[in-house]
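The structure appears right after this line, and notes come after that.
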Amino acid sequence: MTRLFPAAALISTLSLLSACSPELPLDEDGYAKSSQDYSPDCEKCSSSTITLSGKVYVFQVRSFLPYATITIEEYPSFVAVTDANGDWSISGLPANQKLTPKVSFNNALYASFGLPPFQDMHQQTFKSKSDIDMLYFQAVPQASVAGLAYLAGVALDPTACQVVTTITDPAMDQVTTWAEFDAFQPHGLADMTAELKGDGVVPSPVYFNDSVLPDTTLTASSGDGGVLWANVEAGYTYKIKTKDPAGTYSFDKIRVDCQAGRLINASPPWGATAY
């Protein structure tokens with residue numbers, strides 16, 4: 001069962017900004033050229049908008065995390081704060097444009113609750129015609145990030161990015177609620193391989209074992225499905241391509257925007273899901 005963190009002043013409503021967003025000039029990769037703040041009373045708004053929504057929960061513990069802040073890198077005026085159930089939602093985002101959600105954490109406040117500091121994290125970069133729901137962020141304590149890096153045999157480079165995803169069982173596509181997601185464990189699909197494709201320098205993947213720990217001896221996924229690329233060269237967009245050696249499954253492709261210092265976790269149910 002998922003638990004709530006005790007707090008007398010848990011947020012009961014989301015804090016949302018902006019009702020529409022302008023059509024922005026984009027670079028050759030489709031990213032917004034400017035990071036200026038965009039007002040709800042913009043003169044030129046997209047005629048088609050979508051909503052992103054999801055939840056923030058603590059890695060492995062699976063407790064809901066309030067007071068986390070969700071932003072969109074390409075449209076920084078759109079902001080949401082998670083409520084007592086870890087839920088968040090951002091409406092009015094332009095359809096068919098690249099959207100990179102990020103979660104950041106109020107670690108000073110969490111310390112007053114006796115919680116550890118969490119590592120800020122990005123999701124994959126989406127481009128969608130329709131709403132995206134069940135966009136779940138895993139809140140990973142900073143100490144856990146350091147420990148996982150140690151097990152992977154790397155010292156994290158702040159000038160690079162870190163990329164993680166889960167090679168996910170095709171049955172995940174049938175999951176429609178948090179309760180179903182919470183009960184669906186493990187998420188992974190064993191004996192698959194993944195590669196990170198792009199123009200920058202990419203290290204070999206490190207797969208997670210069934211104990212949800214990086215294991216440098218593995219050459220394919222375990223039932224956990226986790227895979228990471230540490231210290232990926234920043235400044236490039238990469239695609240995660242997953243393969244089934246037996247040829248039974250194909251997989252959703254994932255795009256990640258690798259910038260210095262980012263930890264990108266394309267997590268279930270929006271991971272590298274088989275079909």
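Averaged over residues, the count of other Cβ atoms within 10 Å places the peptides 267-273, 155-161 in the sequence 267-273, 155-161, highest first. With the simple model of a label 7 Å out from the Cα in the direction of the Cβ, Lys253 to Asp182 spans 3.6 nm.
In a reduced charge model with +1 at each Lys and Arg Cβ and -1 at each Asp and Glu Cβ, segment 141-275 shows a dipole moment near 380 debye about its Cα centre. Here the convex hull built on the C-alpha positions of segment 37-163 has a volume of 129 cubic angstrom per residue. Normalising by residue count, segment 135-191 has a Cα convex hull of 129 Å³ per residue. Simple point charges give the picture: +1 on the Cβ of Lys and Arg, -1 on the Cβ of Asp and Glu, and for segment 119-176 a dipole about the Cα centre of about 120 debye.
Extension gain for Ser144 to Tyr275 (0.36 nm times residue separation, less C-alpha to C-alpha distance): 44.0 nm. Within segment 162-275, all pairs of alpha-carbon atoms sorted by distance into 5 Å bins from zero give the percentages 2, 13, 24, 24, 19, 12, 5, 1. With a Förster radius of 30 Å applied to the beta-carbon distance between Leu218 and Ala260, the computed FRET efficiency rounds to 0.60. Taking amide H atoms as placed 1.01 Å from N in the peptide plane, the amide H of Ala68 lies under 5 Å from those of Thr82, each 5 or more residues away in sequence or on another chain. Peptide packing for 126-135, 244-253, 49-58 was compared via the average number of neighbouring C-beta atoms within 10 Å per residue; ordered from the highest value, the list is 49-58, 126-135, 244-253. Other residues within the sphere of radius under 11 Å centred on the Cβ of Ala274, judged by their own Cβ, net out at -3 (K and R +1, D and E -1).
Here, each number is a calculation from the coordinates, and none is a lab measurement. These numbers come from a predicted model, not from an experiment. Here the Cβ is made from the backbone with ideal geometry for all residues, glycine too, and neighbour counts use every protein chain on show.
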